[in-house]
């Protein structure tokens with residue numbers, strides 16, 4: 001081994017035996033790791049899960065608990081929606097693109113009702129009721145939500161159906177998902193080693209055969225007879241990797257458990273793995289979608305830039321990548337009042353003004369900027385149309401004095417959201433290892449690296465640049481299961 | 001060796017000797033390769049240059065021939081401009097960021113006058129006269145041009161001086177640069193092997209010791225006693241790599257000699273090299289800057305998005321990455337007439353109209369879109385101000401009927417530009433291998449890979465996301481020289 005912190009794989013021949021041995025070694029105990037362990041164990045493999053923190057859950061446990069599922073799940077039907085795998089795939093290809101992973105999207109959509117059933121069979125609860133307004137996470141325990149399927153342009157590309165399946169919970173649902181999956185793991189023969197931070201792969205004649213993990217400052221070696229499954233998450237917590245690959249994210253808040261250090265990605269790269277879309281990210285911005293959709297979101301010139309009824313993550317990506325997060329939610333008193341109390345999260349606007357001239361001055365926009373935008377918006381809204389961005393008529397109404405504004409960069413801090421993101425955003429990376437639908441990690445020749453598998457945010461998953469909530473827990477559990485099953489198959 | 005097309009390094013122990021042997025092997029004969037070869041030879045090393053095409057020049061020879069140089073060159077002083085390395089570095093850090101390579105930018109700026117002299121000493125001609133209007137390449141043979149240093153916000157961040165040094169030429173200057181560098185190479189002992197396509201590195205105990213190159217279907221092995229310098233260019237011609245790393249570029253025209261296949265990047269990655277900023281790109285869009293600056297550029301909602309007097313490459317990046325290339329140049333008859341004949345390149349607007357209402361309809365913009373923008377623009381322009389984007393007063397004037405528009409996606413095809421880019425743009429990638437200021441290629445641990453060096457667009461160079469013309473020929477020659485000198489130093 002070279003330096004202690006090196007990611008270069010260790011040659012098995014240089015080791016004096018292994019400290020631990022198993023069939024399948026899963027690295028990382030978030031939703032992808034738990035799913036991989038469950039399927040590997042179900043296939044009859046001996047499984048060890050390594051988790052660097054003191055307990056499992058990972059960033060999955062801190063998430064909203066949305067799973068993007070469809071094609072006609074029980075919950076969709078109970079809420080009165082028909083859906084098909086084809087419409088689901090068409091939506092995802094548009095929303096996650098350009099150039100999303102078609103093979104993964106199509107398989108994921110085709111198998112979605114079966115995957116839903118697997119989750120239910122493992123105790124994951126979903127409530128058959130719809131939250132019918134754009135939101136990050138419903139303020140209620142409603143189990144179904146729109147992810148912008150009914151917004152322009154997506155409604156024209158695929159028959160809309162709500163596919164956000166939110167794990168039933170008091171507040172965010174990720175903790176319930178991980179509780180249920182962890183209980184399921186505990187009911188198997190799977191062994192979990194916590195406080196075990198995998199730092200390097202071990203290879204033997206071109207095959208990955210194990211990992212080196214640090215436990216309380218000591219290095220332990222693990223042999224995996226059949227395969228290593230990396231489910232280590234993204235790299236949003238690794239400032240150097242972010243600067244190298246996604247410099248627009250530098251300095252922003254991170255949506256994670258603090259452990260998304262990208263180590264799994266780099267360990268695999270050091271063994272020859274290819275990566276994809278390393279600059280892509282989910283961008284959660286500090287705004288209340290219910291306020292935005294009834295008003296508008298504008299840039300620092302006072303101009304709208306998107307239809308406010310899309311999934312708010314797409315607003316966040318546009319706000320960061322196209323407008324440097326210099327964005328404000330503009331609304332009037334009526335819009336504020338119309339937002340249900342439980343959806344306001346206690347947020348008060350940063351600015352209020354009787355006139356747009358005053359509001360422009362308070363915010364520091366060019367004189368006439370908001371007046372120009374709102375005059376034009378109101379003119380069309382009075383006719384129920386939005387020829388600029390095609391927001392649905394349901395949300396269109398001329399805005400009238402008094403006005404208010406929320407400065408996204410200044411942040412909002414409702415308790416449920418935790419601390420507001422630094423710079424007004426909380427991000428996580430969605431690029432990563434290039435994998436097959438079966439979880440094989442591919443090398444730069446496009447060939448599987450023997451013995452190496454991955455799933456979850458350590459991979460580029462379904463996505464190219466776009467992101468819809470529910471596709472991380474969704475593809476993490478779905479492709480985690482597949483990676484675990486593939487790894488467990490005797491070599 | 002595995003498959004014929006594999007990029008996996010070949011172990012020297014598996015070879016039956018080498019077909020060729022030298023001290024320094026330079027792969028790719030564009031400006032970086034020529035510069036590396038010259039310095040390696042000057043240091044007393046035996047040098048072979050491998051070029052996959054039948055002659056040298058590469059994409060450098062097809063370029064405009066701009067070199068970003070400053071800090072007080074003879075040409076700058078002859079044109080009456082003072083400049084400092086500090087102002088040059090401050091501009092570059094802002095224009096090439098966020099998070100440009102500070103160490104490279106500062107060294108490059110500090111050494112710039114010396115590098116200018118080296119170019120002159122090698123016969124590269126520059127004419128001491130200024131072209132004083134935004135342009136891709138001056139339509140004259142003027143040797144100095146602004147690269148947006150005098151435009152907002154850059155003029156506020158660093159004392160402006162024009163630093164675009166354009167190689168004197170009839171038309172594009174890249175061919176003259178490469179002719180002079182090639183003549184210099186021919187006057188040395190350097191050997192050039194054309195039609196020699198390097199496909200894999202050869203390694204020995206963790207050190208890069210040579211390459212395998214294909215010549216007319218046969219594989220030849222080259223041993224490099226001191227080092228291999230990869231100057232193979234970017235990957236804009238490799239559709240698969242573009243889709244993996246920079247999906248926004250998919251399907252666009254490419255500014256290259258057709259050989260920017262990224263092979264050097266991937267060969268090095270397969271030997272453990274790290275990469276940076278793989279989704280970044282220069283975006284040349286099909287417009288005449290002299291028309292744009294006297295009018296405006298707008299998105300598909302008729303809104304301006306940048307001050308039109310910046311370097312047009314920054315307009316191109318904003319047009320592609322922020323507006324999907326759905327952008328139009330809007331001008332009036334007076335603006336068109338004011339563009340000097342030699343700067344029009346024969347371009348005629350795609351649309352003309354007496355009223356903005358008519359122009360909106362012809363283009364397919366929302367009704368009122370252009371009227372709103374131009375009313376607001378004219379109101380401020382009449383007072384000589386542009387509070388939205390801070391275009392310099394020199395270019396501000398209310399626009400009056402009759403109006404005209406150029407559809408950037410439809411393209412323009414002035415003879416000097418060659419065929420217009422597919423989709424209205426010609427791009428090249430600016431991300432690549434992670435290197436030190438001395439040309440060492442770094443691995444994923446941040447350690448130099450013994451025997452491996454790189455320069456030019458195969459590396460991420462000075463840049464993060466931003467791009468200014470002249471920084472490719474500039475950093476290619478500058479860091480090419482350094483890589484060649486480092487490689488030539490006895491191991």
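Derivation of every value follows stated rules applied to the coordinates shown; laboratory data play no part. On a predicted model such as this, the values are computed, not experimentally measured, just so you know. Note that each Cβ is placed from the backbone with ideal geometry, even for glycine, and that neighbours are counted across all protein chains shown.
Its Cα gyration tensor gives segment A:287-423 an equivalent ellipsoid. The semi-axes, each the square root of 5 times an eigenvalue, are 21, 17, 16 Å from largest down.
Helix A:174-186 axis versus longest C-alpha principal axis of chain A: approximately 20°, rounded to the nearest ten. Size check on segment A:452-491: the Cα extents along the three principal axes, sorted descending, read 36, 15, 11 Å. What FRET efficiency comes out for residue A:445 versus residue A:194 if R0 is 60 angstrom and r is the Cβ-Cβ distance? Round to the nearest 0.05. Step by step, r from the Cβ atoms, then E = 0.95.
Could you tell me what % of all Cα pairs in segment A:343-403 have separations over 20 Å?
Values: 715 of 1830 pairs.
Counting every Cα pair in segment A:343-403, those more than 20 Å apart make up 39 percent.
Taking other C-beta atoms within 10 Å as the exposure proxy, A:82, B:111 rank A:82, B:111 from fewest upward.
Pull up the DSSP beta bridges for segment B:66-171 and report the antiparallel fraction as a percent, rounded to 5. Could the numbers behind the result be given before it?
Numbers: 6 of 8 bridges.
Around 75 percent of the beta bridges assigned by DSSP in segment B:66-171 are antiparallel ones.
Where does helix A:312-323 land angle-wise versus the long Cα axis of chain A, in degrees 0 to 90, nearest 10? On a 0 to 90 degree scale, this one is about 80. Among A:108, B:222, the order by Cβ neighbours within 10 angstrom, fewest to most, reads B:222, A:108. In nanometers and ordered shortest first, the copy-to-copy spacing of the residue B:188 label point, defined 7 Å from Cα toward Cβ, is 6.0. By the helix-only formula, in which each DSSP H run with n ≥ 4 contributes -39500 (n - 2.57) and the sum is divided by residues, chain B has a 222 nm mean residue ellipticity of -8500 deg cm²/dmol. Output the 0 to 90 degree angle, nearest 10, between the alpha-carbon long axis of helix B:112-121 and the longest principal axis computed from the alpha carbons of chain B. It works out to around 70 degrees.
Each of B:389, A:126 was scored by other Cβ atoms within 10 Å of its Cβ. Listed from fewest to most, they are B:389, A:126.
Taking label points 7 Å from Cα along the Cα-to-Cβ direction, residue B:354 and residue A:110 give a separation of 6.0 nm. Per q in 0.11, 0.12 Å⁻¹, report the Debye log10 I(q)/I(0) for chain B, using one uniform scatterer on each alpha carbon and no solvent. Rounded to two decimals, the profile gives -0.86, -1.00. For the protein assembly as shown, the share of DSSP beta bridges that are antiparallel, to the nearest 5, is 65%. Distance between the pseudo-spin-label points of residue A:120 and residue B:240 (7 Å out from Cα toward the beta carbon): 4.1 nm. Note on residue A:385 and residue A:341: with the Förster distance fixed at 30 Å, the Cβ-Cβ geometry gives a FRET efficiency of about 0.50. Backbone N atoms of segment A:40-59 closer than 14 Å to the 7 Å Cα→Cβ label point of residue A:216 belong to residues A:54. The fraction of Cα-Cα pairs per 10 angstrom bin, counted from 0 for segment B:66-171, comes to 16, 49, 31, 4 percent, rounded to whole percents. Between segment B:230-252 and segment B:51-79, the alpha-carbon centres lie 23 Å apart. With the simple spin-label model, which puts each label point 7 Å out from Cα in the Cβ direction, the residue B:54 to residue A:141 separation comes to 7.6 nm.
In nanometers and ordered shortest first, the copy-to-copy spacing of the residue B:13 label point, defined 7 Å from Cα toward Cβ, is 0.6.
Remind me, relative contact order of chain A in percent, using alpha carbon pairs under 8 angstrom and six or more residues apart? List each step's numbers first, then the result.
Numbers: 1261 pairs, mean separation 117.0, N = 491.
Relative contact order for chain A comes out at 24 percent.
For residue B:490, inter-copy separations between label points set 7 Å beyond Cα along the Cβ vector come to 5.9 nm, shortest first. Once the chain from residue A:394 to residue A:16 is taken as fully extended at 0.36 nm per residue, the excess over their C-alpha distance is 129.2 nm.
How high is the FRET efficiency between residue A:362 and residue B:361 when r is their beta carbon distance and R₀ equals 51 Å, given to the nearest 0.05? Please report the intermediate quantities before stating the final value.
On the way: r = 37 Å, r/R0 = 0.73.
Taking R0 as 51 Å, the efficiency between residue A:362 and residue B:361 is 0.85.
Over all distinct Cα-Cα pairs of the protein assembly as shown, the Kirkwood formula returns a hydrodynamic radius of 29.5 Å.
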